[in-house]
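The values are calculated or read from the model by the stated rules, or taken from the named source; none is laboratory data. Everything quoted here is computed from the prediction, not taken from an experiment. Cβ sites come from the backbone with ideal geometry, for glycine too, and all protein chains shown count toward neighbours.
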Amino acid sequence: MVAVLRVRKNLTQRQLAELVNLDEQSIASIEQGRRPLMPDVAALMDTVLDSGGVFSAAVAEMPRVDMIPAWAEEYLACEREAITTSSYQNQVMPGLLQTDAYAEAVFRNRVPHLPEETITKQTAIRAARREIFHKEPPVALSFIIWEPVLSMELGGPEVHRAQLEHLIACSELPGVCLQIYPLGHMEHPALDGPFVLLETPEHQRLAYMETQRGSQLISDPNEVSILERKYAMLRTLALNPQETRAVLDRLLGEQ
């Protein structure tokens, strides 16, 4: 339907992407049924394509249990095949580094609240992603976590302690580089929010960002380049792996 109405309006995928604040690859994924429409994008589509509210109505009828996990479906497929992954997080632990108990706490804090069945299913999906740590040859995995994330006892003290111990264990795995971005710094190159960078086996560079109500997989070289420069600055300013380990040991000692 999106493709038909786009062609009727004589728009290319790139032109439509610019009008609805997405990238061209996301439009292609929507047209091919690999990515669902989010409510805000559906409303813009209705306006730009003169659809008479068809897209907003379709999204409103979509079951929550189907819609929410699909946000990141395309990203997860890319993550599984990536040869390098670089993740900056400033709100919660990176998904790949979360213990089952921490991941469950994340899903339990969702608003509106998720059904128990959905929480269990999503926790299992997140746990399965950790298989990437055991791939051969090892994937190059870089994680930068803003220090306040480490202090939040999400799920309670026991979950928090287990999560810190898990971070230390993961930091010792082949190919993994874990760094903390200190709260005491007076500059920060990524105040706009968290993001993930990926490199595919074909050496295509992608970026992924999540918002409160959706996600975006970015393939535009200019946009990816901006985020790569931000990540390079984050890595330079963050604590090195040895300093990071010292902070984690200190936090564990305070438990």
Selection from region 84-131 of residues part of a loop (DSSP other than H, G, I, E, B) and closer than 21 Å to Leu167 by Cα yields Asn90, Gln91, Val92, Met93, Pro94, Gln98, Thr99
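Conditions tested, residue by residue: (1) closer than 22 Å to Arg235 by Cα; (2) assigned by TED's automatic domain parsing to the domain that holds Pro241; (3) of a type outside the set (A, V, I, L, M, F, W, C).
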{"site": "Val111", "(1), (2), (3)": "no, yes, no"}
{"site": "Pro137", "(1), (2), (3)": "no, yes, yes"}
{"site": "Val159", "(1), (2), (3)": "no, yes, no"}
{"site": "Cys170", "(1), (2), (3)": "yes, yes, no"}
message: Quick check on region 178-195. Is at least one of its residues out of contact with any Asp or Glu (no Cβ under 7 Å at 6 or more places or on another chain) and among the β-branched types (Val, Ile, Thr)?
response: no
Restricting region 188-218 to residues that are buried (at least 17 other Cβ atoms within 10 Å of the Cβ) and polar (S, T, N, Q), the one modelled with the highest pLDDT turns out to be Gln216
For region 224-238, pairs from a residue that is in contact (Cβ under 8 Å) with a residue 60 or more places away in the chain to a residue that is part of a helix (DSSP H, G or I) and buried (at least 16 other Cβ atoms within 10 Å of the Cβ), with Cβ under 8 Å and 6 or more apart or across chains, are Ala238/Thr244
- request: Examine region 242-251 for a residue that is closer than 20 Å to Ala140 by Cβ and either surrounded by fewer than 18 Cβ atoms within 10 Å (Cβ to Cβ) or not assigned by TED's automatic domain parsing to the domain that holds Asn90 (or both), and state whether such a residue exists.
  value: yes
Residues in region 141-164 that are of a type in the set (Asp, Glu) and free of Cβ contacts under 8 Å to residues at least 60 places away in the same chain total 2
The residue that is surrounded by the most Cβ atoms within 10 Å (Cβ to Cβ), considering only those in region 1-31 that are part of a loop (DSSP other than H, G, I, E, B) and under 25 Å from the mean Cα position of the chain (by Cα), is Leu22
Residues of region 4-17 being free of Cβ contacts under 8 Å to residues at least 40 places away in the same chain and either closer than 14 Å to Thr47 by Cβ or hydrophobic (A, V, I, L, M, F, W, C) (or both), in sequence order, are Val4, Val7, Leu11, Leu16, Ala17
Of Arg213, Arg161, the only residue that is basic (Lys, Arg) and closer than 17 Å to Tyr102 by Cα is Arg161
All-but-one check, Ser215 against (1) of a type in the set (Ser, Thr, Tyr); (2) more than 15 Å from the chain's Cα centre (by Cα); (3) closer than 30 Å to Val41 by Cα, failing number (2)
